[in-house]
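> Got a structure for you, questions after.
The values are calculated or read from the model by the stated rules, or taken from the named source; none is laboratory data. Keep in mind the model is a prediction, meaning the values are calculated, not measured. All Cβ positions, glycine included, derive from the backbone under ideal geometry; neighbour counts span all protein chains shown.
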Amino acid sequence: MHVLLIAIIAMLAQQTVATTAKVGLPALFPALAEELAFDAEYVLVYTWIYAAGSLCVMAGCGGVIRRYGALRTSQIGCIFMAAGLASAALLATPVLFIPALGVGAMLISVGSTVATPASSQILAAYAPAKWAPLVFSIKQTGVPAGVAISGLILVPLAVAHGWRATSLGLALIVLAIAVLLQPLRAEFDRDRDPSARPHLGDFITNVRDVLGQFERRAMAMAAFTFVGMQSIYTNFTITYLYEDLNFSLEDAGQILGLATLLAVPARIFWGWVGSTVMQPRALLALLSMIMAVSTALMGAFDVHWSHAAVLAVNCAISLSVLSWHGVLLSEAARLAPAGEAGRMTGGILAFGSAGQIIYPAIFGAGYWLGGYGMAFVAIALPAAVVGAVLILRRR
């Protein structure tokens, strides 16, 4: 039991810094855009670049985890994240901001993407099957914690000290986590196979294995929808509130941060529900419906909405869009062959990465057709479809 506790704490820390690195630059985009004189809506381009890298890493990281071990893979990811944050801070200029941010986005994508498959490999080896939804959910509280840190800490630091210093400081913290994980490698990388060789064909094999079974396909469809919606929410909310609803940058960051903090206890609660009250798949269907309704309400915001009302809707989104991860990941691990939880999780979440690529286009098309109201409805409808499929096609 003590090894499981250590695994949960270590992977929680790893997941927190990975998420903070992932959403840190998007949270700083208004300040960054003001300094470099470009449109803050370029945050959607960052999201697309990040997702393109994430798609390849998710589907193909199984071989890397098998050869080097899940713990070492996590450490390598931290180095990539730190390099991405530092490159954006040191290289971005008014002329070169697109290449600099593109390089930063790709490095951060590679580094933060491996966090979830690697941690799933470790936790699946130690967590009892019945309590897997709860164990995975506790670890996944690192995601809302990272988003909250971005809104409540990074944004004020950027206002006070500049976005470059803030990004460099975060890079140093990420490197520190890589060092602190080292004493755990002997235990958590015992199952690694030094003779294994990652191959480009791993990408195709993993995707084929996911699509070959209905339950895995259902989880992949859910991941595509949920991750796509999450990417729009976490990467665009501050810019949306700041640019179109006249919130101050600090108030916009506070709304996102406070709402996201709610996802920390929510994830633990949903993990407990999925372990004791209802089947994880039925729970995912319920969460799909909640996120469909709450996301559609985001499009109804205007300058007449009070801050309390805006926060309430954001909290509803946090309860669903930001709180499903542990339940889905435990199902992905359950559906994996023995000893291959990391590979199968990566294969299923590769479809989530595809959602990050496609959802900005869906959101943009909805905005072009009918403004923000239509844009948020456009990304809410697929969640309702996923909920219906999970309910109607239950085994």
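> If the requirement is being surrounded by fewer than 24 Cβ atoms within 10 Å (Cβ to Cβ), within 30 Å of Arg334 (Cβ to Cβ) and among the hydrophobic types (A, V, I, L, M, F, W, C), which of these qualifies: Ala118, Ala125?
Result of the check over Ala118, Ala125: Ala125.
> Is it true that Ser320 is touching a residue at least 60 places away in the same chain (Cβ under 8 Å) and among the hydroxyl-bearing types (Ser, Thr, Tyr)?
no
> Can you find a residue that is within 20 Å of Val377 (Cα to Cα), of a type in the set (Ser, Thr, Tyr) and crowded, with 20+ Cβ neighbours inside 10 Å anywhere in region 255-273?
No - not one qualifying residue is present in region 255-273.
Table: residues versus (1) surrounded by fewer than 17 Cβ atoms within 10 Å (Cβ to Cβ); (2) closer than 30 Å to Met106 by Cβ; (3) without any contact (Cβ under 8 Å) to a residue 60 or more places away in the chain; (4) small (Gly, Ala, Ser).
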residue	(1), (2), (3), (4)
Thr276	yes, no, yes, no
Ser288	no, no, no, yes
Thr295	no, yes, no, no
Ala312	yes, no, yes, yes
Arg343	no, yes, no, no
Gly347	no, yes, no, yes
Gln356	no, yes, no, no
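Residue by residue, here is whether (1) in contact with a Cys (Cβ under 9 Å, 6 or more places away or on another chain); (2) within 28 Å of Trp305 (Cα to Cα); (3) not β-branched (Val, Ile, Thr) holds:
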residue: Ala220; (1), (2), (3): no, no, yes
residue: Thr234; (1), (2), (3): no, yes, no
residue: Leu241; (1), (2), (3): no, yes, yes
residue: Ala252; (1), (2), (3): no, yes, yes
residue: Leu262; (1), (2), (3): yes, yes, yes
residue: Trp272; (1), (2), (3): no, no, yes
residue: Leu283; (1), (2), (3): no, no, yes
residue: Leu287; (1), (2), (3): no, yes, yes
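> Now for a separate question. Which of the following residues is touching a Ser or Thr at 6+ places or on another chain (Cβ under 7 Å) and at pLDDT 85 or above: Met219, Met229?
The conditions single out Met229.
> Answer yes or no: is there a residue in region 17-37 that is touching a residue at least 24 places away in the same chain (Cβ under 8 Å), touching a Leu at 6+ places or on another chain (Cβ under 8 Å), surrounded by fewer than 24 Cβ atoms within 10 Å (Cβ to Cβ) and aliphatic (A, V, I, L, M).
yes
> Would you confirm whether or not region 80-89 contains a residue that is in a helix (DSSP H, G or I), at pLDDT 85 or above and under 16 Å from the mean Cα position of the chain (by Cα)?
There is at least one residue in region 80-89 that is in a helix (DSSP H, G or I), at pLDDT 85 or above and under 16 Å from the mean Cα position of the chain (by Cα).
> So in region 128-144, with the set limited to residues that are farther than 20 Å from Tyr50 by Cα and of a type in the set (Gly, Ala, Ser), which one is surrounded by the most Cβ atoms within 10 Å (Cβ to Cβ)?
Looking at residues that are farther than 20 Å from Tyr50 by Cα and of a type in the set (Gly, Ala, Ser), I get Ser137.
> If Tyr240 satisfies every condition in (1) modelled with pLDDT under 90; (2) crowded, with 19+ Cβ neighbours inside 10 Å; (3) in contact with a Leu (Cβ under 9 Å, 6 or more places away or on another chain); (4) closer than 28 Å to Phe29 by Cβ but one, which is the exception?
Evaluating Tyr240 over (1) modelled with pLDDT under 90; (2) crowded, with 19+ Cβ neighbours inside 10 Å; (3) in contact with a Leu (Cβ under 9 Å, 6 or more places away or on another chain); (4) closer than 28 Å to Phe29 by Cβ leaves (3) as the failure.
> Please list, ordered by first then second residue, the pairs with beta carbon atoms under 7 Å, 6 or more apart or interchain, first in region 86-108 and within 26 Å of Gln75 (Cα to Cα), second among the β-branched types (Val, Ile, Thr) and surrounded by 15 or more Cβ atoms within 10 Å (Cβ to Cβ).
Ser87/Val103; Gly102/Ile49; Ala105/Ile49; Met106/Ile49
> Mind checking which residues of region 109-124 are assigned to a helix (DSSP H, G or I) and not polar (S, T, N, Q)?
Val110, Gly111, Ala115, Pro117, Ala118, Ile122, Leu123, Ala124
> Okay, next question. Looking at (1) surrounded by fewer than 16 Cβ atoms within 10 Å (Cβ to Cβ); (2) small (Gly, Ala, Ser); (3) at pLDDT 85 or above, which is the one condition that is false for Gly201?
Every condition holds for Gly201 apart from (3).
> Which of the following residues is among the small types (Gly, Ala, Ser) and either surrounded by 16 or more Cβ atoms within 10 Å (Cβ to Cβ) or within 23 Å of Met11 (Cβ to Cβ) (or both): Ala222, Ala165? Give the derivation first.
Working: Ala165 fails: either surrounded by 16 or more Cβ atoms within 10 Å (Cβ to Cβ) or within 23 Å of Met11 (Cβ to Cβ) (or both).
Of the residues listed, the single one that is among the small types (Gly, Ala, Ser) and either surrounded by 16 or more Cβ atoms within 10 Å (Cβ to Cβ) or within 23 Å of Met11 (Cβ to Cβ) (or both) is Ala222.
> Here's another thing I want to ask about it. Modelled with pLDDT under 85 and closer than 17 Å to Met221 by Cβ: which single residue out of Ala300, Ala332 fits that description?
Working: Ala300 fails: closer than 17 Å to Met221 by Cβ.
Matching residue, one of Ala300, Ala332: Ala332.
> Same structure, new question: Any residue in region 350-359 that is in contact with a Lys or Arg (Cβ under 8 Å, 6 or more places away or on another chain) and under 16 Å from Gln121 (Cβ atoms)?
The answer is no; no qualifying residue exists.
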